[in-house]
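Here, each number is a calculation from the coordinates, and none is a lab measurement. In this text the structure is predicted, and so the values were computed from the model without any measurement. Because the Cβ atoms are built from the backbone with ideal geometry, glycine has one as well, and the counts that use them run over all protein chains shown.
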Amino acid sequence: MERNLRKERIGVVVSNKMEKSIVVAVKYKEKHRKYGKFVNKTQKFTAHDDKNDCNIGDIVKIMETRPLSKNKRWRLVNIIERAK
């Protein structure tokens, strides 16, 4: 049996105050419907960080997973770049 491909996102950690959880902000550009200008948008995801090793400012890759809590549906795959 083959599993469906899971969504992956790359973003910046904006909060790590929770136990085993991080908040990741993913930036993307979207074209305005009326004016055609590209607008910067940000979407925040709560992700599961099992080892509690992320810090604010880290660039991370997260992957979609089953619901882990009320609003946690993503998990940390790896840390791409540590904050300086």
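Descriptive notes on the structure:
- Computed from backbone phi with θ = phi - 60° and the Karplus coefficients 6.51, -1.76 and 1.60, the 3J(HN,Hα) list for segment 7-24 is 5, 10, 9, 10, x, 10, 6, 10, 8, 9, 6, 7, 7, 6, 9, 9, 10, 10 Hz; x is used for glycine and proline.
- Computed FRET value (nearest 0.05) for SER69 with GLU30, which takes r as the C-beta separation and R₀ as 30 Å: 0.60
- Each of the peptides 25-32, 56-63 was scored by the mean count of other Cβ atoms within 10 Å over its residues; in descending order, highest first, they stand as 56-63, 25-32.
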